[in-house]
Amino acid sequence: MDEHVEGEVIEEQLDPERETRRRFALAQIRQYPDAALKMTARPVEEFDDQLVTLVDRMKQLMHDANGIGLAATQVGVLQRLFVFHPEDHDETLAVVNPEIVERSEETDIADEGCLSIQGVTVPVERALTVTVVGKDEHGADVRYELDGYSARCVQHETDHLDGVLMIDRTTPEGRKHALGILRPRIVLS
């Protein structure tokens, strides 16, 4: 998920080196309409060095791409895993085999961006608070009670693991607008 402040994408001026890292990271993240983005991820069964390496790579890609969340499907790995940077934490966290076990009935509509759908933001309705459980990359149980933008991010990343994109959750007008921006980029072979 792209960085936002109160529903707006942060359009910061990056120095040339940082911009190069951002572009390199984005080149490694699957872009719409890549088929992997619509696939359902499988549960992670082995907590090994390979998984830790994947998590470290995803954290670095997310950071370099100026994101706040990244799902494994976005890097072409069909495993139930995402990384995210909560608002109130100093570090990026991984959640393996995430399950949202509680959602508030109260919702909010805000613009979302996505590292896999560059240049597009759409309004999406999400629960204001969620509780997500799962494991970290080492297999230890984790539970996060989140609100605000962190709750939105976790819902967005969990959707990715189910093959659901923000353009699938937006209003008909938002979807039409997004596809109007994206269609010129789609090249048929």
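Values quoted throughout were computed directly from the atomic coordinates according to the rules given, and no laboratory measurement underlies them. Everything quoted here is computed from the prediction, not taken from an experiment. Here Cβ is always computed from backbone atoms with ideal geometry, including for glycine, and neighbour counts include all displayed protein chains.
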>> Under the rule a/c < 1.5 gives rounded, and otherwise a/b versus b/c splits prolate from oblate, where does region 97-189 land using the Cα gyration tensor?
In response: oblate
> Considering only the other residues whose Cβ falls under 13 Å of the Cβ of ARG21, what net charge follows from Lys and Arg at +1 and Asp and Glu at -1?
Replying inline: -1
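Multiplying the sequence separation of ALA110 and LEU128 by 0.36 nm and subtracting their Cα-Cα distance, what value in nm do you get?
Values: separation 18, 0.36 × 18 = 6.48 nm, distance 1.07 nm.
Length difference between fully extended and current span is 5.4 nm.
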> Any idea how far apart GLU91 and ALA35 come out in nm if each label point goes 7 Å out from Cα toward Cβ?
Replying inline: 3.8 nm
> Relative contact order for the chain: what is it in percent, counting Cα pairs under 8 Å that are at least 6 residues apart?
Replying inline: 24 percent
> What does the highest-first list of 52-63, 87-98, 112-123 look like by mean Cβ count within 10 Å?
Replying inline: 112-123, 52-63, 87-98
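Just check the chain against the gyration tensor rule for me: Cα atoms, a ≥ b ≥ c as the square roots of the eigenvalues, rounded for a/c under 1.5, and otherwise prolate or oblate depending on whether a/b exceeds b/c.
Working: a/c = 1.38, a/b = 1.17, b/c = 1.18.
Here the chain falls in the rounded category.
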> Which residue fluctuates the most in the chain, going by a Gaussian network model with Cα springs under 10 Å, if the choices are GLU145, GLU106, GLU19?
Replying inline: GLU106
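For region 63-128, what's the relative contact order in percent, using C-alpha pairs closer than 8 Å and at least 6 residues apart?
On the way: 85 pairs, mean separation 15.0, N = 66.
So the answer I get is 23 percent.
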